[in-house]
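Remarks on the structure that follows.
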Amino acid sequence: MCGIVGYIGKDNAKNIVINGLKRLEYRGYDSAGVAFIDSGKLKIYKKSGKIRDLEFELNRDLSLPHIAIGHTRWATHGEPNDVNAHPHVDCTGKIAVVHNGIIENFTELKKELESRGHIFKSKTDTEVIAHLVEEEIKNGKNLLSAVLSATSKLKGSYAAAVIYEGEPDKIVCVRKDSPLVIGVGEGENFLASDVPAFLSYTNRVIFLDDNECAVITADNVHIFDLNGNEITKETKEIPWSIAQAEKGGYKHFMIKEIYEQPRAVADTISGKLSLFEENNRELLTTFGKIQIVACGTSYHAGLVGKFFIESVAGIPVSVDYASEYRYRNPIIDEKTLIIAISQSGETADTLAAVRLAKKKGAKVVAICNVIGSTITREADYTIYTHAGPEISVASTKAFTTQLAALFLFAVEAARIRNKITKKKEERLLKALSEIPAKMKEFLDRESEEGQVRKIALEFYNSQDALYLGRFVNYPIALEGALKLKEISYIHAEGYPAGEMKHGPIALIDEKMPVVVVVPRDRVYEKMVSNIEEVKARKGKVIAITNRDCLEVKKLADFAIEIPETEELLYPFLTVVPLQLFAYHIADFLGYDVDQPRNLAKSVTVE
């Protein structure tokens, strides 16, 4: 949520920052702004609305600055308008600040500052930072010391970047509970909330940890703790290309990322006969239970993972929304293994759950897509997915690669704990290795025939939808409903099909599309009975099923065929048509599929 971009170097800083902000649009925003220093003077441009509105204003300014910071804002304090947009300045107009996060004590700080004569222009919490830095500089401190002193007074979460007319050759930034990453170039350096902002310039990065500060000049990056002690940080290379962060001829990132899933799953499972090195395998032998924590789509992956692990390895698993985990006083000890799932590795609630679990003595395995992200640094072990950058807010390829990581984990845990025969292990891994080709088979057929698109055309004016599944496909019903509601704004509910009689059946009529996930598995006959119940109430049935499921095809109004596989692995295949169905409906309705309203890609505040 929100995005920060900074640049200092030899090129036109305002253009680089604007381009970086465009690459962070997926994080969600309602206003944007840029601050730069040109010929010794600080200039600010900010606008509510889209980045293109800001860019129009900036293009009228012929300045060629070599230092700039920019921001896309998601309103938390104060409505989205030009005044509340970042950057914010101090009373002198010489200090500019951009900030992600929430300053919890800003009301008290603001009152204190106002009592000392400071004048505030916005309703934001961020503006207090600019005035605090102003006071410290007036007291004789340099920019670094002023930022450190100012942030010592803050309570809450923040990633902030500051520039100052008096020291026009540097950007000072600081992080606590909100991500910041520095891009390392040649004669230029970058700052951003996420790597895609500067990926076209460099893939060499330094990840700031909590309670760290950096001074960035064109030629150097110096990292400090909050006491001002300089520390050494490793520079890492991110194995992503800028092409992966472009649309590549597709209308939206979401449809591109749906079609990238065969490659992403193949990359995630490639060569991974063993996830854990010898000295880390004790993680899989010493625990007695697993708790999975995650949010949103990652939570649905965790629900599928519960089926994988319990079915294959015989280990008891519970799955929690990370946002609720801390509030139920979870029973955790040294025999508990936590699996924390986060695409970005920066999800605030998931990180909080990880910290609580570690405090109580649990070991943590992270499943994550971003090398060097916070969750990977705090976990005891990380299983990386290889989805590449996922730009669309609605997650697709991150979900299926998380499933791949969870299935590999289940098989390896079973092997190390002697819960699986060699023959069964080989059968399951062979079936998993065939999944990318089967996903591609379905997607290639859809490209030629457009069946899901045609079905979406029949239902894009629906007001509600019900999704039903059982066994390992119940979470897929939840995920399908989530995809529809988050990008098309159509009310959709996912339910275990066996619970339909306990309430949802009252909603079914001739106007209600009911999406039924019904491959040929152990609950096939029960699902057929559920379809009969829907049809008896004149519901319109869209079935995700196999070619030979003739009973389903006879009953359903529409049947979408998927290839056959091992019953545990069907979620890889059943979710793809549901992703496409949601995408096409949103596209028919004319919505911005990649940036749905009120949503952000990475939720870095509670």
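The values are calculated or read from the model by the stated rules, or taken from the named source; none is laboratory data. Nothing here was measured: the structure is a model prediction, and the numbers come from that model. All Cβ positions, glycine included, derive from the backbone under ideal geometry; neighbour counts span all protein chains shown. These area figures cover heavy atoms from the full protein model, side chains too; ligands, DNA and RNA do not enter into them. Shrake-Rupley method; radii C 1.70, N 1.55, O 1.52, S 1.80 Å.
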From the residues in the stretch 1-43 that are hydroxyl-bearing (Ser, Thr, Tyr) and closer than 25 Å to Ile391 by Cα, which one is modelled with the highest pLDDT? Tyr7
Let me spell it out: the conditions are (1) without any contact (Cβ under 8 Å) to a residue 24 or more places away in the chain; (2) over 26 Å from the mean Cα position of the chain (by Cα), and Lys485 meets all of them except one. Which number is the exception? (2)
What pairs can you find where one residue is in the stretch 339-356 and of a type in the set (Phe, Trp, Tyr), the other is open to solvent by less than 20 Å² (accessible area, probe 1.4 Å) and modelled with pLDDT of 95 or more, and their Cβ atoms are less than 6 Å apart, with a gap of 6+ or different chains? none
In the stretch 39-77, the residues that are open to solvent by 30 Å² or more (accessible area, probe 1.4 Å), under 17 Å from Val162 (Cβ atoms) and either in contact with a Leu (Cβ under 6 Å, 6 or more places away or on another chain) or basic (Lys, Arg) (or both): Lys41, Lys43, Lys46
Can you pull out every residue in the stretch 1-16 that is assigned to a strand (DSSP E or B) and either of a type outside the set (Ser, Thr, Tyr) or open to solvent by 40 Å² or more (accessible area, probe 1.4 Å) (or both)? Gly3, Ile4, Val5, Gly6, Ile8
From (1) touching a Ser or Thr at 6+ places or on another chain (Cβ under 8 Å); (2) farther than 18 Å from Val393 by Cβ; (3) open to solvent by 50 Å² or more (accessible area, probe 1.4 Å), pick out the condition that doesn't hold for Pro80. (2)
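So which of Leu457, Leu443 ends up being open to solvent by 70 Å² or more (accessible area, probe 1.4 Å), at negative phi, assigned to a helix (DSSP H, G or I) and touching a residue at least 24 places away in the same chain (Cβ under 8 Å)?
Leu457
Would you mind stating whether Glu441 is under 24 Å from Thr574 (Cβ atoms), at pLDDT 95 or above and acidic (Asp, Glu)? Spell out the reasoning first.
On the way: under 24 Å from Thr574 (Cβ atoms): yes; at pLDDT 95 or above: yes; acidic (Asp, Glu): yes.
Considered against the rule, which asks whether it is under 24 Å from Thr574 (Cβ atoms), at pLDDT 95 or above and acidic (Asp, Glu), Glu441 comes out as yes.
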Across the stretch 319-348, what is the total count of residues that are within 16 Å of Phe407 (Cα to Cα) and open to solvent by 10 Å² or more (accessible area, probe 1.4 Å)? 1
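Working carefully through the options Phe106, Phe56, find the one that is in contact with a helix residue (DSSP H, G or I) (Cβ under 8 Å, 6 or more places away or on another chain) and of a type in the set (Phe, Trp, Tyr).
On the way: Phe56 fails: in contact with a helix residue (DSSP H, G or I) (Cβ under 8 Å, 6 or more places away or on another chain).
Among Phe106, Phe56, only Phe106 is in contact with a helix residue (DSSP H, G or I) (Cβ under 8 Å, 6 or more places away or on another chain) and of a type in the set (Phe, Trp, Tyr).
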Look at the stretch 372-414 and say how many of its residues are of a type in the set (Val, Ile, Thr), part of a helix (DSSP H, G or I) and under 21 Å from Leu24 (Cβ atoms). 3
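Filter the stretch 222-241 down to residues that are closer than 30 Å to Ala264 by Cβ and out of contact with any Lys or Arg (no Cβ under 7 Å at 6 or more places or on another chain) and give me whichever is surrounded by the fewest Cβ atoms within 10 Å (Cβ to Cβ). It would help to see each step written out before you state the result.
Initially, the stretch 222-241 is screened for residues closer than 30 Å to Ala264 by Cβ, giving 233-241.
In the following step, the residues that additionally are out of contact with any Lys or Arg (no Cβ under 7 Å at 6 or more places or on another chain) were identified as 233-234, 236, 238-241.
Working: Lys233: 15, Glu234: 8, Lys236: 15, Ile238: 18, Pro239: 11, Trp240: 17, Ser241: 13.
Per the stated criteria, the residue is Glu234.
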Tell me, please, whether a residue that is over 23 Å from the mean Cα position of the chain (by Cα), assigned to a loop (DSSP other than H, G, I, E, B) and closer than 19 Å to Gly166 by Cα can be found in the stretch 17-38. no
Is it true that some residue in the stretch 547-567 is touching a residue at least 24 places away in the same chain (Cβ under 8 Å) and of a type in the set (Gly, Ala, Ser)? yes
